[in-house]
Amino acid sequence: MITSSPPFLDAADRVLVLDDGVITAEDAHRNLLGTDEAYRLAVARVVGNA
């Protein structure tokens, strides 16, 4: 499954991070959130101040 949905990513056993078709990281969603800034920014659904 290809997704950027945090609930689906959290339910997955492992997550592969792709950049232009190349795997750049592999780990559990929660680990990637803490260790990979680009991943966190890509999947975090943060609502900014308008």
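The values are calculated or read from the model by the stated rules, or taken from the named source; none is laboratory data. This structure is a prediction, so every number in the text was calculated from the model and none was measured. Virtual Cβ from ideal backbone geometry, glycine too; neighbours counted across all protein chains shown.
Mind telling me which of the residues L16, L41 ends up being of a type in the set (A, V, I, L, M) and at pLDDT 90 or above?
Only one candidate passes the filter, namely L16.
Can you give me the number of residues within region 1-19 that are under 17 Å from E37 (Cα atoms) and not small (G, A, S)?
Residues meeting the conditions: 8.
Taking the condition of being of a type in the set (A, V, I, L, M) and touching a His at 6+ places or on another chain (Cβ under 7 Å), how many residues in region 4-40 meet it?
Going through region 4-40, the residues of a type in the set (A, V, I, L, M) turn out to be 9, 11-12, 15-18, 22-23, 25, 28, 32-33, 38.
From what is left, the residues that are touching a His at 6+ places or on another chain (Cβ under 7 Å) are 9, 12, 15.
Residues in region 4-40 being of a type in the set (A, V, I, L, M) and touching a His at 6+ places or on another chain (Cβ under 7 Å): 3 in total.
What number goes with the only condition from (1) at pLDDT 90 or above; (2) under 11 Å from the mean Cα position of the chain (by Cα) that V22 does not pass?
Here V22 meets the rest and fails (2).
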